[in-house]
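Working notes, structure below.
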Amino acid sequence: MIYCVEDDNSIRELMVYTLRAGGIEAEGFTDSVPFWAAMKLKKPELIILDIMLPGEDGLSILNRLKSSPITEDIPVILATARGTEYDKVMGLDKGADDYLAKPFGMMEMVSRVKAVLRRTGKKQTERMLTCGDISMDIDRHIVSVGRAEIILTLKEFDLLKLFLENPMQVFSRDQLLSIVWGTDYMGETRTVDVHIGTLRTKLGEAGSVIKTVRGVGYRLDQEAAEG
């Protein structure tokens, strides 16, 4: 799935049409609001991101993506009509994988998308996270305990991924809300407790590695899993 964030309707519709015609799933978004809403439901393989957007601009979106452990590995191609070298350099420095200078041809766009996916694909498919009997295949979105596959919701998966990538690190409930649910989430920290509870239940005995740090939050105890 490719997400295209572009406020020009004709360009966005053509981008999505071209990608789909080439056998690539794609969805388009006019600005950051529907984009972030979609990100909470499904993470794309790649994002094409216009720099000049109404409201939150592309560089701000890119910074948020690369600042979160949940989304930092999603490849991003920046699209900009600006002719200055500064914007391209800023985008690449912030973690963008490539850029498209407007006006660009649709075949060039498809070629760059495929090139970025080739460059990042091996790294993504090889990414396996483990802790004791728990294993996570990030690219295939599969979690197993021993030989049994465990079905998790998106938020449960994201929580477990965060813990597995940061063993022994304590996360407060507010930090977990910000990282997993997003900085604009208006819910209560009780949401975190509920999801941690269901995650532990689904993991069975292996779920005991997720420890409660009284008065602070939660951490994954890798030493307990290895002991």
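For the subset of segment 73-101 comprising residues that are part of a loop (DSSP other than H, G, I, E, B) and among the hydrophobic types (A, V, I, L, M, F, W, C), which member is modelled with the highest pLDDT? Before you say what the answer is, go through the steps one by one.
Going through segment 73-101, the residues part of a loop (DSSP other than H, G, I, E, B) turn out to be 73-75, 81-84, 94-97.
With among the hydrophobic types (A, V, I, L, M, F, W, C) added as a condition, the list becomes 74, 81, 96.
Numbers: 74: 93, 81: 73, 96: 90.
Among them, the one singled out is 74.
Would you say residue 26 is among the small types (Gly, Ala, Ser), surrounded by 15 or more Cβ atoms within 10 Å (Cβ to Cβ) and within 24 Å of residue 179 (Cα to Cα)?
Numbers: among the small types (Gly, Ala, Ser): yes; surrounded by 15 or more Cβ atoms within 10 Å (Cβ to Cβ): yes; within 24 Å of residue 179 (Cα to Cα): no.
Criteria not met by residue 26.
Report, ordered by the first and then the second residue, all pairs with beta carbons closer than 7 Å, sequence separation of six or more or different chains, a first member in segment 25-49 that is over 18 Å from residue 121 (Cα atoms) and of a type in the set (Gly, Ala, Ser), and a second member that is open to solvent by 20 Å² or more (accessible area, probe 1.4 Å) and part of a helix (DSSP H, G or I).
28/12; 28/13
Of the residues 5, 33, which single one is farther than 21 Å from residue 159 by Cα, out of contact with any helix residue (DSSP H, G or I) (no Cβ under 8 Å at 6 or more places or on another chain) and not aromatic (Phe, Trp, Tyr)? Outline the logic, then answer.
Values: 5 fails: out of contact with any helix residue (DSSP H, G or I) (no Cβ under 8 Å at 6 or more places or on another chain).
Being farther than 21 Å from residue 159 by Cα, out of contact with any helix residue (DSSP H, G or I) (no Cβ under 8 Å at 6 or more places or on another chain) and not aromatic (Phe, Trp, Tyr) holds for just one of 5, 33, which is 33.
Here is a list of conditions, (1) in contact (Cβ under 8 Å) with a residue 60 or more places away in the chain; (2) assigned to a strand (DSSP E or B), and residue 70 meets all of them except one; can you say which number that is?
For residue 70, the failing item is (2).
For segment 157-185, which residues satisfy the criterion of being within 14 Å of the chain's Cα centre (by Cα), buried (at least 16 other Cβ atoms within 10 Å of the Cβ) and more than 18 Å from residue 73 (Cβ to Cβ)?
181
The values are calculated or read from the model by the stated rules, or taken from the named source; none is laboratory data. Since the model is a prediction, treat every value here as computed from it, not as a measurement. Note that we place each Cβ from the backbone using ideal geometry, even for glycine, and neighbour counts take in every protein chain shown. Areas reflect the complete protein model, heavy atoms only, side chains present, ligands, DNA and RNA absent. Shrake-Rupley method; radii C 1.70, N 1.55, O 1.52, S 1.80 Å.
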